[in-house]
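Asker: Would you mind keeping the following structure in view while I ask a few things?
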Amino acid sequence: MVPRIPRVLQWLLPGYVWRMAGTEKVIYLTFDDGPIEELTPWVLDRLAEHGAKATFFCLGRNCARAPELAARIRAEGHALGNHTWDHPRGRRTRTRDYLRNVVKAAPLTSAMIFRPPYGSLTLAQARALRKRYRIILWDVLSGDYDERLTGEHCAQRVLHHARPGSIVVFHDSLKAEPRLRTALPAVLQHFAAEGYRFAALPIVTAG
(Lines give C-alpha, C1' and ligand atoms only; values in the text may rest on other atoms or scores of the structure.)
Protein backbone atom coordinates (compact mmCIF):
# COMPACT_ATOMS: atom_id res chain seq x y z
CA MET A 1 0.00 0.00 0.00
CA VAL A 2 1.26 3.50 -0.81
CA PRO A 3 2.79 5.51 2.09
CA ARG A 4 0.53 8.54 1.54
CA ILE A 5 -3.13 8.22 0.61
CA PRO A 6 -3.81 10.19 -2.61
CA ARG A 7 -5.83 13.37 -2.06
CA VAL A 8 -8.27 12.38 -4.79
CA LEU A 9 -9.27 9.32 -2.76
CA GLN A 10 -9.75 11.49 0.32
CA TRP A 11 -12.00 13.81 -1.70
CA LEU A 12 -14.01 10.87 -3.07
CA LEU A 13 -14.62 9.50 0.44
CA PRO A 14 -15.42 12.59 2.51
CA GLY A 15 -17.23 10.73 5.29
CA TYR A 16 -13.94 9.59 6.82
CA VAL A 17 -11.29 11.50 8.77
CA TRP A 18 -8.04 11.19 6.83
CA ARG A 19 -6.00 13.96 8.47
CA MET A 20 -6.56 16.88 10.83
CA ALA A 21 -7.03 20.39 9.50
CA GLY A 22 -4.63 23.22 10.22
CA THR A 23 -1.04 24.24 9.64
CA GLU A 24 0.26 23.86 13.20
CA LYS A 25 3.21 21.47 13.48
CA VAL A 26 1.30 18.57 15.01
CA ILE A 27 1.40 14.90 14.04
CA TYR A 28 -1.15 12.34 15.17
CA LEU A 29 0.52 8.98 15.74
CA THR A 30 -1.84 6.02 15.90
CA PHE A 31 -1.24 2.40 16.89
CA ASP A 32 -3.51 -0.42 15.74
CA ASP A 33 -4.19 -3.96 16.99
CA GLY A 34 -2.97 -3.83 20.62
CA PRO A 35 -2.65 -3.68 23.47
CA ILE A 36 -0.22 -6.55 24.06
CA GLU A 37 2.17 -7.14 26.94
CA GLU A 38 5.11 -7.82 24.64
CA LEU A 39 5.13 -4.42 22.93
CA THR A 40 2.60 -1.83 24.12
CA PRO A 41 4.51 -0.95 27.33
CA TRP A 42 7.61 -0.27 25.24
CA VAL A 43 5.58 2.00 22.94
CA LEU A 44 4.18 3.90 25.92
CA ASP A 45 7.68 4.34 27.36
CA ARG A 46 9.03 5.73 24.06
CA LEU A 47 6.12 8.16 23.80
CA ALA A 48 6.67 9.30 27.39
CA GLU A 49 10.32 10.07 26.66
CA HIS A 50 9.18 12.70 24.16
CA GLY A 51 6.09 13.94 25.98
CA ALA A 52 4.13 12.54 23.04
CA LYS A 53 0.46 11.66 23.05
CA ALA A 54 -1.03 9.17 20.61
CA THR A 55 -4.18 7.26 19.77
CA PHE A 56 -4.44 3.50 20.22
CA PHE A 57 -7.07 1.73 18.14
CA CYS A 58 -7.46 -1.37 20.25
CA LEU A 59 -8.99 -4.76 19.66
CA GLY A 60 -11.62 -5.58 22.25
CA ARG A 61 -10.23 -9.06 22.81
CA ASN A 62 -6.79 -7.62 23.60
CA CYS A 63 -8.25 -5.10 26.05
CA ALA A 64 -10.03 -7.99 27.75
CA ARG A 65 -6.76 -9.94 28.01
CA ALA A 66 -4.72 -6.96 29.25
CA PRO A 67 -7.07 -4.51 31.01
CA GLU A 68 -4.16 -2.99 32.91
CA LEU A 69 -2.61 -1.87 29.61
CA ALA A 70 -5.85 -0.29 28.43
CA ALA A 71 -5.99 1.51 31.77
CA ARG A 72 -2.38 2.66 31.42
CA ILE A 73 -3.06 4.05 27.92
CA ARG A 74 -5.86 6.20 29.31
CA ALA A 75 -3.99 7.16 32.48
CA GLU A 76 -1.04 8.49 30.47
CA GLY A 77 -3.25 10.80 28.43
CA HIS A 78 -3.57 8.86 25.21
CA ALA A 79 -6.81 8.25 23.31
CA LEU A 80 -8.23 4.77 23.01
CA GLY A 81 -10.42 3.96 20.02
CA ASN A 82 -12.45 0.99 18.78
CA HIS A 83 -10.80 -1.35 16.26
CA THR A 84 -13.43 -4.12 16.50
CA TRP A 85 -13.34 -7.17 18.76
CA ASP A 86 -11.17 -9.51 16.67
CA HIS A 87 -10.14 -7.76 13.43
CA PRO A 88 -12.66 -8.88 10.78
CA ARG A 89 -12.35 -7.61 7.23
CA GLY A 90 -15.38 -5.45 6.51
CA ARG A 91 -15.86 -6.36 2.87
CA ARG A 92 -15.81 -10.07 3.71
CA THR A 93 -18.21 -9.86 6.65
CA ARG A 94 -21.99 -9.48 6.68
CA THR A 95 -23.02 -6.05 7.93
CA ARG A 96 -24.99 -7.39 10.90
CA ASP A 97 -22.07 -9.56 12.03
CA TYR A 98 -19.58 -6.73 11.56
CA LEU A 99 -21.62 -4.27 13.62
CA ARG A 100 -22.00 -6.85 16.39
CA ASN A 101 -18.22 -7.22 16.41
CA VAL A 102 -17.81 -3.46 16.87
CA VAL A 103 -20.47 -3.31 19.58
CA LYS A 104 -18.80 -6.15 21.47
CA ALA A 105 -15.58 -4.12 21.70
CA ALA A 106 -17.29 -0.84 22.64
CA PRO A 107 -17.46 -1.28 26.46
CA LEU A 108 -13.70 -1.87 26.55
CA THR A 109 -12.71 1.01 24.26
CA SER A 110 -15.31 3.61 25.33
CA ALA A 111 -14.56 6.23 22.71
CA MET A 112 -16.58 7.42 19.77
CA ILE A 113 -13.73 7.00 17.28
CA PHE A 114 -13.42 3.88 15.15
CA ARG A 115 -10.86 2.56 12.70
CA PRO A 116 -11.83 -0.37 10.49
CA PRO A 117 -9.24 -3.13 10.22
CA TYR A 118 -7.48 -2.96 6.83
CA GLY A 119 -9.38 0.30 6.20
CA SER A 120 -12.07 -1.96 4.76
CA LEU A 121 -15.80 -1.16 5.03
CA THR A 122 -18.86 -1.59 2.86
CA LEU A 123 -21.10 1.41 2.30
CA ALA A 124 -23.78 -0.13 4.52
CA GLN A 125 -21.28 -0.68 7.34
CA ALA A 126 -19.95 2.86 7.02
CA ARG A 127 -23.44 4.39 7.06
CA ALA A 128 -24.38 2.49 10.20
CA LEU A 129 -21.12 3.26 12.02
CA ARG A 130 -21.18 6.98 11.20
CA LYS A 131 -24.34 7.31 13.29
CA ARG A 132 -22.23 6.65 16.39
CA TYR A 133 -18.55 7.02 15.49
CA ARG A 134 -16.09 9.28 13.74
CA ILE A 135 -14.40 6.87 11.33
CA ILE A 136 -10.66 7.55 11.39
CA LEU A 137 -8.43 6.45 8.53
CA TRP A 138 -4.98 7.95 7.81
CA ASP A 139 -2.93 9.85 5.30
CA VAL A 140 0.47 8.24 6.07
CA LEU A 141 1.02 4.48 6.39
CA SER A 142 4.30 3.35 7.94
CA GLY A 143 4.06 -0.17 6.52
CA ASP A 144 5.44 -1.68 9.74
CA TYR A 145 3.20 -4.74 9.28
CA ASP A 146 4.95 -5.59 5.99
CA GLU A 147 7.63 -8.21 6.56
CA ARG A 148 9.27 -7.30 3.25
CA LEU A 149 10.28 -3.89 4.63
CA THR A 150 12.96 -2.93 7.14
CA GLY A 151 12.43 -0.69 10.14
CA GLU A 152 14.56 1.97 8.48
CA HIS A 153 12.37 1.84 5.38
CA CYS A 154 9.22 2.23 7.50
CA ALA A 155 10.75 5.24 9.26
CA GLN A 156 11.63 6.87 5.96
CA ARG A 157 8.09 6.42 4.67
CA VAL A 158 6.86 8.52 7.59
CA LEU A 159 9.71 11.06 7.52
CA HIS A 160 9.19 11.75 3.82
CA HIS A 161 5.40 11.93 3.78
CA ALA A 162 4.12 13.24 7.14
CA ARG A 163 3.18 16.91 7.36
CA PRO A 164 1.25 19.13 9.76
CA GLY A 165 -2.01 17.39 10.64
CA SER A 166 -0.99 13.96 9.35
CA ILE A 167 -2.52 10.86 10.88
CA VAL A 168 0.21 8.20 10.86
CA VAL A 169 -0.44 4.46 11.25
CA PHE A 170 1.81 2.14 13.26
CA HIS A 171 0.90 -1.19 14.86
CA ASP A 172 1.63 -2.41 18.39
CA SER A 173 1.49 -6.04 17.28
CA LEU A 174 3.95 -8.93 17.25
CA LYS A 175 3.98 -8.94 13.46
CA ALA A 176 5.04 -5.28 13.34
CA GLU A 177 7.41 -5.38 16.31
CA PRO A 178 10.74 -5.89 14.47
CA ARG A 179 10.13 -2.81 12.32
CA LEU A 180 8.34 -0.68 14.92
CA ARG A 181 11.25 -0.87 17.38
CA THR A 182 13.44 0.84 14.79
CA ALA A 183 10.93 3.13 13.12
CA LEU A 184 9.14 4.67 16.10
CA PRO A 185 12.21 6.12 17.88
CA ALA A 186 13.48 7.52 14.57
CA VAL A 187 10.16 9.23 13.85
CA LEU A 188 9.84 10.66 17.35
CA GLN A 189 13.40 12.00 17.34
CA HIS A 190 13.20 13.50 13.86
CA PHE A 191 9.93 15.38 14.24
CA ALA A 192 10.67 16.50 17.80
CA ALA A 193 13.89 18.04 16.50
CA GLU A 194 11.86 19.78 13.77
CA GLY A 195 9.65 21.42 16.39
CA TYR A 196 6.62 19.17 16.02
CA ARG A 197 4.47 17.92 18.86
CA PHE A 198 2.58 14.64 18.93
CA ALA A 199 -1.09 14.76 19.93
CA ALA A 200 -3.91 12.31 20.51
CA LEU A 201 -6.92 12.56 18.26
CA PRO A 202 -9.86 14.41 19.83
CA ILE A 203 -12.51 11.97 21.02
CA VAL A 204 -15.98 11.90 22.48
CA THR A 205 -16.27 9.49 25.37
CA ALA A 206 -19.24 7.17 25.69
CA GLY A 207 -21.45 7.52 28.75
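The values are calculated or read from the model by the stated rules, or taken from the named source; none is laboratory data. Given the structure is predicted, the values throughout are model-derived calculations rather than measurements. Methodologically, a virtual Cβ is constructed for each residue, glycine included, from the backbone with ideal geometry; neighbour enumeration extends over all protein chains shown.
Asker: Within region 147-176, how many residues turn out to be within 22 Å of Ala200 (Cα to Cα) and touching a Lys or Arg at 6+ places or on another chain (Cβ under 6 Å)?
Answerer: Number of matching residues: 6.
Asker: Would you check if Ala106 is in contact with a strand residue (DSSP E or B) (Cβ under 8 Å, 6 or more places away or on another chain), in a helix (DSSP H, G or I) and surrounded by fewer than 21 Cβ atoms within 10 Å (Cβ to Cβ)? Even if it seems obvious, please write down each step before you answer.
Answerer: Numbers: in contact with a strand residue (DSSP E or B) (Cβ under 8 Å, 6 or more places away or on another chain): yes; in a helix (DSSP H, G or I): yes; surrounded by fewer than 21 Cβ atoms within 10 Å (Cβ to Cβ): yes.
When the stated conditions are applied, Ala106 passes them.
Asker: Restricting to region 34-68, count the residues that are closer than 23 Å to His161 by Cα and touching a Pro at 6+ places or on another chain (Cβ under 8 Å).
Answerer: Filtering region 34-68 for residues closer than 23 Å to His161 by Cα gives 43, 46-47, 50-57.
Now narrow it down to the ones that are touching a Pro at 6+ places or on another chain (Cβ under 8 Å): 46, 56.
So the count comes out to 2.
Asker: When you go through (1) part of a loop (DSSP other than H, G, I, E, B); (2) more than 24 Å from Cys63 (Cβ to Cβ) one by one for Arg127, which number turns out not to apply?
Answerer: So Arg127 meets the others, but not (1).
Asker: Which condition from (1) outside any loop (DSSP other than H, G, I, E, B); (2) crowded, with 23+ Cβ neighbours inside 10 Å is the one that Asp144 breaks?
Answerer: It fails just one condition, (1).
Asker: While we're here: Do the conditions hold for Gly151, that is, is it of a type outside the set (A, V, I, L, M, F, W, C), touching a Cys at 6+ places or on another chain (Cβ under 6 Å) and over 17 Å from Gly90 (Cβ atoms)? Give the derivation first.
Answerer: On the way: of a type outside the set (A, V, I, L, M, F, W, C): yes; touching a Cys at 6+ places or on another chain (Cβ under 6 Å): no; over 17 Å from Gly90 (Cβ atoms): yes.
So Gly151 fails the test.
Okay, residues lined up against (1) surrounded by 15 or more Cβ atoms within 10 Å (Cβ to Cβ); (2) assigned to a loop (DSSP other than H, G, I, E, B); (3) at pLDDT 95 or above:
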position: Pro14; (1), (2), (3): no, yes, no
position: Ala21; (1), (2), (3): no, yes, no
position: Arg46; (1), (2), (3): yes, no, yes
position: Ala52; (1), (2), (3): yes, yes, yes
position: Cys63; (1), (2), (3): yes, no, yes
position: Leu80; (1), (2), (3): yes, no, yes
position: Tyr98; (1), (2), (3): yes, no, yes
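Asker: Looking at (1) of a type in the set (A, V, I, L, M); (2) assigned to a loop (DSSP other than H, G, I, E, B); (3) touching a Leu at 6+ places or on another chain (Cβ under 7 Å), can you tell me which one Ile135 breaks?
Answerer: Unmet for Ile135, out of (1) of a type in the set (A, V, I, L, M); (2) assigned to a loop (DSSP other than H, G, I, E, B); (3) touching a Leu at 6+ places or on another chain (Cβ under 7 Å): (2).
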